[in-house]
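Note sheet for the following structure.
The values are calculated or read from the model by the stated rules, or taken from the named source; none is laboratory data. This one's a predicted model, so the numbers in the text were calculated from it and none came from an experiment. No Cβ is skipped: glycine too gets one built from the backbone with ideal geometry, and neighbour counts run over all protein chains shown.
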Amino acid sequence: MYPFKPDRNWPATHSCPPLIIAHRGASAYAPDNTIAAFRKADELGADIWEVDVRLTSDGVPVAFHDADLFNLCGDARPVGDVTAEELAVLTGARGRPAPAFADVARLAAKCGRGIYLDAKEEEAATRAFDILLDAGIDRAIIGANTPDYCAQLRSAGAPYPVSLLVGLGQDPFALTDSCGAEIVHPCWEKAGERPDRLLTGAFFEAAASRGLPVVTWHEERDDILAALVRLPVLGICSDTPERVAHAKARFISARGAEEAGVSLQAEDVENH
């Protein structure tokens, strides 16, 4: 038995401003999916760390994005064809050591951070579930990039809410309706200069009518972040989490000033 049972409905208890989700850690400043990237994400104020997870040949969930080692190591073998120890040696030699997911989860728990798990196959996901529970992570999201995979994760008993990543040109709500997704995650960072304008009132009405929180794509542009933090979204992904933090701080400060102004106006009316 695990020491606690996470609340699958935790996103419903969160209100604006959005959570900061570090995309593969603070990947603008350290190699993605490495302990260095996650430590930097913590330093920069990220609430949640997005982690890509794959299984090695000996069944160890590791933080690694690509299906094979070619881009990083010049080795065409799939990640699933090497052991965790071999992977650590190969990636370490390139200065980007791939950690065991258990090490990432323990670090997140120690730092009081959540995890956005992007496991690339169901077996990796189910093993990662046990690691998250064992580490005592109470705030996590499980990502799925297809409706079929989302349905598989739900059927596998995902102990945390499952999000569906939706690309451009897809009907997000037809897809979420088809698979029981609990969070909608539009991946629209390449939708021109102002992808935030695709998040219309009608979009949020459709999400709210289904009880679906919204997580946005990874965004690094200050003007778009300034717009996103004002929207009713659960979280914003970013390679540069401090930019999201700065946008949030400016929004909170401006909102506080507006509320103070309204309060002063009300006092003036009462005094007259």
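Looking at VAL162, VAL166, can you tell me which residue is surrounded by 17 or more Cβ atoms within 10 Å (Cβ to Cβ) and either modelled with pLDDT under 95 or touching a Ser or Thr at 6+ places or on another chain (Cβ under 9 Å) (or both)? Lay out the reasoning, then the answer.
Details: VAL162 fails: either modelled with pLDDT under 95 or touching a Ser or Thr at 6+ places or on another chain (Cβ under 9 Å) (or both).
On inspection, the qualifying residue turns out to be VAL166.
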Please find, within the stretch 138-155, the residue that is surrounded by the fewest Cβ atoms within 10 Å (Cβ to Cβ) out of those that are of a type outside the set (D, E, K, R) and part of a helix (DSSP H, G or I). SER155
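Of these, THR176, THR216, THR200, which one is loosely packed, with under 14 Cβ neighbours inside 10 Å and among the polar types (S, T, N, Q)?
Working: THR176 fails: loosely packed, with under 14 Cβ neighbours inside 10 Å; THR216 fails: loosely packed, with under 14 Cβ neighbours inside 10 Å.
Only one candidate qualifies: THR200.
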If I filter the stretch 121-137 down to residues being at pLDDT 95 or above and in a loop (DSSP other than H, G, I, E, B), which single residue comes out as surrounded by the fewest Cβ atoms within 10 Å (Cβ to Cβ)? GLY136
The condition of being at pLDDT 95 or above, of a type in the set (Asp, Glu) and under 16 Å from ILE21 (Cα atoms) holds, among ASP58, ASP81, ASP118, only for ASP118
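Out of all the residues in the stretch 15-28, is one or more of a type in the set (S, T, N, Q), surrounded by 20 or more Cβ atoms within 10 Å (Cβ to Cβ) and farther than 21 Å from GLU123 by Cβ?
Scanning the stretch 15-28 turns up at least one residue that is of a type in the set (S, T, N, Q), surrounded by 20 or more Cβ atoms within 10 Å (Cβ to Cβ) and farther than 21 Å from GLU123 by Cβ.
Pick from ALA36, ALA67, ALA98: which is over 22 Å from PRO241 (Cα atoms), among the hydrophobic types (A, V, I, L, M, F, W, C) and more than 17 Å from the chain's Cα centre (by Cα)?
On the way: ALA36 fails: over 22 Å from PRO241 (Cα atoms); ALA98 fails: over 22 Å from PRO241 (Cα atoms).
The match here is ALA67.
From ARG77, ARG54, grab the single residue that is basic (Lys, Arg), in contact with a helix residue (DSSP H, G or I) (Cβ under 9 Å, 6 or more places away or on another chain), in a strand (DSSP E or B) and without any contact (Cβ under 8 Å) to a residue 24 or more places away in the chain.
Working: ARG54 fails: without any contact (Cβ under 8 Å) to a residue 24 or more places away in the chain.
One residue alone meets the criteria, ARG77.
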Only residues that are among the small types (Gly, Ala, Ser) and either in contact with a Phe, Trp or Tyr (Cβ under 7 Å, 6 or more places away or on another chain) or in contact (Cβ under 8 Å) with a residue 60 or more places away in the chain (or both): list them for the stretch 80-98, please. GLY95, ALA98
Of all residues in the stretch 190-215 being in contact with a strand residue (DSSP E or B) (Cβ under 6 Å, 6 or more places away or on another chain) and either among the β-branched types (Val, Ile, Thr) or at pLDDT below 95 (or both), which is farthest from TYR116 (Cα to Cα)? VAL214
